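Q: Dropping the structure in here first, questions after.
The values are calculated or read from the model by the stated rules, or taken from the named source; none is laboratory data. None of these values were measured; they are calculated from a predicted model. Note that each Cβ is placed from the backbone with ideal geometry, even for glycine, and that neighbours are counted across all protein chains shown.
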Amino acid sequence: METQRIIRIPELPDLESLRPLVARKRALERAFLAIAIVGAVIIFGILLILLLGVALRGLPYLTPTFLTSPPSRFPEKAGVLPALVGSLWLIVLTGAMSIPVGVLSAVYLEEYAPRNRIRRWLLLNISNMSGIPAIMYGVLGLVIFVKLMALGNSILAGSLTMSLLVLPIIVISTVEAIRLVPRSYREASLALGATKWQMVTRTVLPAAMPGIVSGILLALARALGEAAPLVTIGALAYVAHVPTSVFDPFTVLSIQIFGWASRPSSDFLGLAAAAIIVLLAIVFLLTIASVVIRTRAIRMRGGIR
Amino acid sequence: MGVTQTRRSPVTIAAERLIESLLPLFVLLPLLLIAIFLAFLFTNAFHFFQQVSLREFLLEPNWHPLIQPPRYGIAPLVAGTLLTSAIALLVAVPLGLIAAIVLSEFAPLRVRNVIKPILDVLAGIPSIVYGYFALVFVTPLLQKVFPTIEIFNALSAGIVMGIMIIPLVTSLSEESMASVPTLVKEAALALGATRLETTFKVTIPYALSGIIASFLIATGRAVGETMIVTMAAGATPRITLNPLEGVQTLTAYIVQVSLGETALGTTGYYSLYAVGLVLFVLSFGLSLLGRWVARWKRSE
Amino acid sequence: MTHMTVLSPRKSKEREDARSVHVSVKSFGLLYGSARILSDVSIDIFRNTVTAIIGPSGCGKTSLLRSLNRMNDTNSSVRYEGDILFDGSSIFAPTVDVTLLRTRIGMVFQRPNVFPGSILENVTFGPRLFGVRDREALYALAQQCLQQAALWNEVKHLLHKPASSLSGGQQQRPCIARALALKPEVLLLDEPTSALDPISTLRIEELLVTLKEQCTIVIVTHNMQQAARIADYTAFLYAEEGQPARLVEYGKSARIFLNPENSLTEEYVTGRLG
């Protein structure tokens, strides 16, 4: 396999003659960065313009009447009150159901479950749940909660559906937060005579709290913003009264927006924009809070990646 | 942390043990519900296929359940989904990847720590807001450029979906590239490579499976998106490659059936589940593939 | 046979050993932002020698080494003081292109860091970056470098296999071959054998001693016996608690280890220090 031919071992060409090649590479790099930055500015710009457009379209309709009235055929009287109240009911109920289930599931997976294949399978499937499109959860809600459990198109059915949808978010962020708690905390707690349950509830969970809260806020923001699953289970866009019990039919902000935006009239599009302002205000609040809490926790732990 | 106590009431101990023993149920409950759901999905879809032959479902080029005679060919809905998703990916993949490259390989740490949280916040914008964008701003704009464009069209929905997905592609790809060991990148630099060369000849090949996974997950997201396409792409099932026309996606059809009053037990009623099944297989399959690809390289 | 000479090597008759200075570190200081890592280091590295940098861990040896091929530029907050001359001209001059500099000053890292791709692709990475395309010539080059790295016989039939399929201990040698493929005049090595078994370590030490005929070697090591074995010159760097590292003593290895002038040096080489 040793060749008999004389093969010239390549020498790099004289350094000076490499300068043009290097100059070309540098120019390419600069061009790439320029294009990338221009592209980013354009996209951010587009988003900003779109958001501003919505704000401008909706502000004229954002009156106190708007916030306190039910929807109506007459745009000047229409409001988001049932939708707003419905959304709040929804988040509260969804939170009440998904937070305990999610956190306790994560506690089980990280602190109690034996490290075997079953555990990995459980984690895998919880994570796979987040790959299921939102509307499929709507179909699930329709099948199981609305029909099978005969809950009808009630807030309860809606919350149950949304709880399932946001559950993976809470479980995964809680699992990650628990994993970051240093072993020394647990050992110190046990060494002081705590039982496992006490160690978990009094040491691990408090230490993991920023990560857990951050995940919960994201989950609630998600629950607030989704419309598709609720459309499927029958949340209506025209609900004239504020719900008074969990079994009442309901509507939420996102669906109200959908309903109004489906009307070709300019006024209703404006109402939809106003409702979007309200929705975005709450969603941004939750999301920004989530990000801030998470970033501060990372910083306190000692270092941004 | 003070938890020392000399004696604990047997009630407390029993209560703790009880909760601990119930913990596995919390995990199993959601999975059980999903399993029940899948069973129903398959069962109802099965009812559908008792009334509509698989042949018609797969080969019939028309889908109109309400116009007599009804036709149940899934192809138009799938075509609608694929068209809008393809447009979305055409927007999101190049832009998202380039943004990820700049963030992970070029941007100083300070810039990264500002941009990444902003991306996270942008990723939280509900899709219905994007749907409104498409309907109220993008379509009128496109009408100026393409006068023949329909009011409901795939292009508007696709573009806006693409913008929505960019943060997802960027954050997943950026994670992959940032986890390439610094030592490997430095080896390339030490051999005389520029930052750009290092990125394309070393970092991206190294992180390739993660990057591909991010594309697959983004595709799954696009396929499963509902509100944007419902509001902007229309409700006209048709097989077309023309983005200026209106189409109906799998997801939009499900919404349409949900909003309507279809009688129980009819083919129309069961069609929701058949379409749901196809959607589930497509979207979930893509996400699953994405996660599998990501894990595959990591184990190497 | 070196491929470049912008300046011809100077044969200085004034030096006691008639060797010329290849790299000259002059009052060099290094800071990251406001944190000072190195303070006022001056070393003359002679052509075709092995120079070892020793000192306790974390004292700035690697930072000094990385400054020689400007690898520290990757940190955006880095600031330099003093100068480093390569063949008489400053490596920090604005006309210097850092990628060309690194073709003349190569580096091997502490742990193996192979690229994805085959062994052949790894070893020929450098030359291919600069336009060498001839496949047969690249193959011959890879053969030569892998022979130098004492790996050729083990991999000559496996050149198209992924480099990551080599065992951990073996992976360092293609990295050395890869650095050699650019025929650098100076080779920097950062504790190259610290993760290796004794036999591989010995092989690499033998390699370095033979290699110095072709290029100047600078090696950072925490293993004093290694420095004593292979280095012609040794520099001892030390940092007090909370202080930047400084050069304590530099000279011929024989003198540093057997007859150090500085008491701190003596404490370190006799094992009484860190």
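Q: Please indicate, with yes or no, whether at least one residue in the stretch B:197-215 is within 13 Å of chain A (Cβ to nearest Cβ), touching a Lys or Arg at 6+ places or on another chain (Cβ under 8 Å) and free of Cβ contacts under 8 Å to residues at least 60 places away in the same chain.
A: yes
Q: Among the residues of the stretch B:76-129, which ones are of a type in the set (Ser, Thr, Tyr) and facing another protein chain (nearest Cβ under 7 Å)?
A: Step one: of the stretch B:76-129, the residues of a type in the set (Ser, Thr, Tyr) are B:81, B:84-85, B:104, B:127.
Within the stretch B:76-129, no residue meets the criteria.
Q: I'd like to check which helices (runs of 4 or more DSSP H) are fully inside the stretch B:209-300 and have at least 1 residues that are surrounded by 17 or more Cβ atoms within 10 Å (Cβ to Cβ) and in contact with a strand residue (DSSP E or B) (Cβ under 9 Å, 6 or more places away or on another chain). Break it down into steps so the answer makes sense when it comes.
A: Numbers: elements: B:227-232, B:250-259, B:267-298.
Correct list: B:250-259, B:267-298.
Q: While we're here: Tell me the residue from A:LEU156, A:LEU151, A:LEU122 that is assigned to a helix (DSSP H, G or I) and within 30 Å of A:SER254 (Cβ to Cβ), please. Walk me through how you get there before you give the answer.
A: Working: A:LEU151 fails: assigned to a helix (DSSP H, G or I); A:LEU122 fails: within 30 Å of A:SER254 (Cβ to Cβ).
Exactly one residue qualifies, and that residue is A:LEU156.
Q: Taking into account only those residues within the stretch C:160-202 that are charged (D, E, K, R) and crowded, with 16+ Cβ neighbours inside 10 Å, which is modelled with the lowest pLDDT?
A: Per the criteria, the residue is C:ARG173.
Q: Let me ask something additional. Of everything in the stretch C:38-78 that's at pLDDT below 90 and not small (Gly, Ala, Ser), which residue is nearest to C:SER89 (Cα to Cα)?
A: C:THR74
Q: Moving on to the next point. Can you confirm whether A:PRO229 is touching a residue at least 40 places away in the same chain (Cβ under 8 Å), under 30 Å from A:GLY86 (Cβ atoms), in a loop (DSSP other than H, G, I, E, B) and of a type outside the set (Ser, Thr, Tyr)?
A: no
Q: Kindly indicate whether any position in the stretch A:166-173 is in contact with a helix residue (DSSP H, G or I) (Cβ under 9 Å, 6 or more places away or on another chain), under 14 Å from B:LEU33 (Cα atoms) and assigned to a loop (DSSP other than H, G, I, E, B).
A: no
Q: Quick check on the stretch A:95-122: of everything there that is of a type in the set (A, V, I, L, M) and facing chain B (nearest Cβ under 9 Å), which residue is surrounded by the most Cβ atoms within 10 Å (Cβ to Cβ)?
A: It comes out as A:ALA106.
Conditions tested, residue by residue: (1) more than 20 Å from C:LEU30 (Cβ to Cβ); (2) crowded, with 17+ Cβ neighbours inside 10 Å.
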{"site": "C:ARG79", "(1), (2)": "no, no"}
{"site": "C:GLY88", "(1), (2)": "yes, no"}
{"site": "C:VAL108", "(1), (2)": "yes, yes"}
{"site": "C:PRO112", "(1), (2)": "yes, yes"}
{"site": "C:GLU121", "(1), (2)": "yes, yes"}
{"site": "C:GLY126", "(1), (2)": "yes, yes"}
{"site": "C:ARG133", "(1), (2)": "yes, no"}
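Q: Could you check, for the stretch B:77-86, whether at least one of its residues is among the hydroxyl-bearing types (Ser, Thr, Tyr), within 30 Å of A:ARG30 (Cβ to Cβ) and not in a strand (DSSP E or B)?
A: Of the stretch B:77-86, the ones among the hydroxyl-bearing types (Ser, Thr, Tyr) are B:81, B:84-85.
Next, from what is left, pick out any that are within 30 Å of A:ARG30 (Cβ to Cβ): none.
There is no residue in the stretch B:77-86 that is among the hydroxyl-bearing types (Ser, Thr, Tyr), within 30 Å of A:ARG30 (Cβ to Cβ) and not in a strand (DSSP E or B).
Q: Follow-up. Just one of B:LEU172, B:LEU183 is surrounded by fewer than 24 Cβ atoms within 10 Å (Cβ to Cβ) and more than 7 Å from every other protein chain (Cβ to nearest Cβ); which is it?
A: B:LEU172
Q: Ok, one more. Against the condition more than 9 Å from chain A (Cβ to nearest Cβ), surrounded by 20 or more Cβ atoms within 10 Å (Cβ to Cβ), more than 18 Å from the chain's Cα centre (by Cα) and free of Cβ contacts under 8 Å to residues at least 12 places away in the same chain, how does B:LEU141 come out, does it pass?
A: The answer is no for B:LEU141.
Q: Something else now. List the residue pairs whose Cβ atoms are under 9 Å apart, where the first residue sits in the stretch A:151-177 and is away from every other protein chain (no Cβ under 11 Å), the second is surrounded by fewer than 24 Cβ atoms within 10 Å (Cβ to Cβ) and assigned to a strand (DSSP E or B), and the two are 6 or more positions apart or on different chains.
A: Between residues of the stretch A:151-177 that are away from every other protein chain (no Cβ under 11 Å) and residues that are surrounded by fewer than 24 Cβ atoms within 10 Å (Cβ to Cβ) and assigned to a strand (DSSP E or B), the close pairs are A:GLY152/A:PRO249; A:SER154/A:PRO249; A:ILE155/A:PRO249.
Q: Which residue, of A:LEU205, A:LEU220, is among the hydrophobic types (A, V, I, L, M, F, W, C), buried (at least 24 other Cβ atoms within 10 Å of the Cβ) and either within 27 Å of A:ASN125 (Cα to Cα) or assigned by TED's automatic domain parsing to the domain that holds A:LEU280 (or both)?
A: So the residue among A:LEU205, A:LEU220 that is among the hydrophobic types (A, V, I, L, M, F, W, C), buried (at least 24 other Cβ atoms within 10 Å of the Cβ) and either within 27 Å of A:ASN125 (Cα to Cα) or assigned by TED's automatic domain parsing to the domain that holds A:LEU280 (or both) is A:LEU220.
Q: For the stretch C:113-135, give me each residue that is of a type in the set (A, V, I, L, M), within 9 Å of chain B (Cβ to nearest Cβ) and either part of a loop (DSSP other than H, G, I, E, B) or touching a Phe, Trp or Tyr at 6+ places or on another chain (Cβ under 7 Å) (or both).
A: C:VAL114
Q: Identify, by number, the condition in (1) under 26 Å from A:ARG294 (Cα atoms); (2) in a helix (DSSP H, G or I); (3) within 16 Å of the chain's Cα centre (by Cα) that B:ILE125 doesn't meet.
A: The one condition B:ILE125 does not meet is (2).
Q: Where residues in the stretch B:34-60 are closer than 20 Å to B:LEU77 by Cα and among the small types (Gly, Ala, Ser), which of them is surrounded by the most Cβ atoms within 10 Å (Cβ to Cβ)?
A: Applying the filter and picking the extreme gives B:ALA45.
Q: Go through the residues of the stretch C:197-220 one by one and say whether even a single one is more than 30 Å from C:SER118 (Cα to Cα) and free of Cβ contacts under 8 Å to residues at least 12 places away in the same chain.
A: Checked the stretch C:197-220: no residue is more than 30 Å from C:SER118 (Cα to Cα) and free of Cβ contacts under 8 Å to residues at least 12 places away in the same chain.
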